[in-house]
Every structure is written in structure tokens, then in C-alpha cells.
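Heads up, the thing below is written out as C-alpha cells.
Computed from the coordinates by the stated procedures, all read-outs in this text should not be read as laboratory data. None of the values given here were measured: they were computed from a predicted structure. Here the Cβ positions follow ideal geometry from the backbone for every residue, glycine too, while neighbour counts run over all protein chains shown.
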Amino acid sequence: MSPFLPLIVLLVLTLTVVPPVAATEQRREAYYSIHAKGMHVGDLQIVTAPFNREGERVFRFHSTTRIDAAFLFFGVKSQRAEEAVIGESGTLRYQRSGTENGRKTLRITEGDSRRAEVFKRGSYDFTTMDCPEMTLKQEGEQVTVRLLDLEDCRVVTRRYHWVKSEDLRIGERTVRCRVIDFEDQANRCRRWVMRDELGILIVRQEGRGTSGGYTLKIASLSR
């Protein structure tokens, strides 16, 4: 989840046709602050809500990221929106749009047509939206998976390690988190993550990718 990677506008990954679903009153809104090089550089809002689709419980995910960073030799100003539908079998639909430094970064195939990346389901085990670390059964366990990295639109080999469990504070609440280390060819990260009836929640993340180090920390949570 590096906030400084180039954006692809209207990248659409459709693994399964997802018909309209009826919304419930349940939803969770999480707000995060993003820091890099010791400075506050942006904010992230994530909204998740469960739905019933043909008897299956699925989750709709929407996030908005805003980065405004000015460093000594360069600056980044970007916005990004992501939407996904996630079920028991994994990510059913994913779409991303955004701008960087005032311009859209769009890959074009013919004229003004949008480009869609297609990945065969058998070429990967999970997507980044699926949070494969939640399949680990106990502390100390490790797993290596073929991961469809939706950030970079490629399949990578990523290793996950459930290091320990730890309590973190979110406002007046104390939540029990898994402390997960993961690593692939381009990223190294520690993540504090939990799951409840409203889905998976990343509480904190400290990582380093191709664009440098960053910290993502939850600032507020409402239901």
C-alpha cells in the first residue's frame, strides 16, 4: 500500500459478474493518516459494508487516498479511489481511478478506449484485497503465495509471517490485532490487522516499497 506509486486510471479487474446487491445499514468508516520521511503527507478513508448476494455474505469496499507531499527534490500531489466486492472465494470485482500531479495517468490501447488488465484465475492464489494473512491459523505460522498485486498489476511471490498478537487502541476501544510481516520482490512491511463482523480492518502499517518508506495509522473509526 505504498502511497507514492504511479496510478493507473480506471483499471478494472472483473473476475466474476457481480449483480446489484441490496445495502444494509451496517457499515464501517475508517480514517487513516499517512506519514513519510517524518512528515504527514496524506489521508486515507476506507468504507466497508457487508451485503447478501444469492445467499453469500460479501463485502463492498471503497477507499479514497489523498497525498500532498513536498520534499527537497520532488513533490507528489495525487488522489485515488478504489472499489471492490470481496466474497468467500476472494475478490469478485475491482476498480481503481486517480490522478497524479494534476493529470490522469491512463494507458490507452485504441483511441480513447480504457485498458483492462486480465489475469487468469489459475495464475494466482489471492489478490492484495483478500488479505491472505488471515488464512494463517496460529502465531508463528508462515505461508508463501502467488499474489495478484493490484497496485502494480502483476503477480508476485509474497511471504506472510504471523509474528505475534498485540492489543492496539482505537479511540476508546482496545482491539486485538495480528502482527503480520510480509515481503515480496518490491515490498517489505509490518501490518497490524484484525477481523470482525464488518470485515478485515488494517489498524496500522509500516512498510517500504519502490518509492521509499511510509507509515499508515488509523486516526478514527465509526460504525
- [ ] Mind giving me the nanometre distance, one decimal, between the label points for Glu88 and Tyr31, set 7 Å out from Cα along Cα→Cβ?
- [x] 3.6 nm
Task: For Ser165, distant residues with modelled amide H under 5 Å away - done: Val179
Task: Rough spin-label spacing in nm, given labels placed 7 Å along Cα→Cβ, for Gln79 and Glu183 - done: 3.8 nm
Task: Under the Karplus curve 6.51 cos²θ - 1.76 cosθ + 1.60, θ = phi - 60°, whole-Hz ³J(HN,Hα) for the range 85-95, x wherever Gly or Pro sits - done: 10, 10, x, 4, 8, x, 6, 8, 8, 8, 8
Task: In sequence order, calculated HN-Hα J values of the range 208-223 (Karplus, 6.51, -1.76, 1.60; Hz; x Gly/Pro) - done: 9, x, 5, 9, x, x, 7, 10, 10, 9, 5, 9, 7, 9, 9, 10
TODO: Quick one: net charge around Thr128, please, counting Lys, Arg +1 and Asp, Glu -1 for every other residue with C-beta under 13 Å from its C-beta.
DONE: -3
- [ ] Enumerate the calculated ³J(HN,Hα) couplings along the range 40-54 in order (Karplus 6.51 cos²θ - 1.76 cosθ + 1.60, θ = phi - 60°), each rounded to whole Hz, writing x wherever the residue is Gly or Pro.
- [x] 6, 10, x, 9, 9, 10, 10, 10, 10, 8, x, 9, 10, 10, 6
Task: Nearest-0.05 FRET efficiency for Arg53 and Gln142, computed from C-beta distance (R0 41 Å) - done: 0.80
Open item on the list: Testing the spin-label approximation: label points 7 Å from Cα along Cα→Cβ at Asp68 and Ala219. State their distance in nm.
Closed with: 1.1 nm
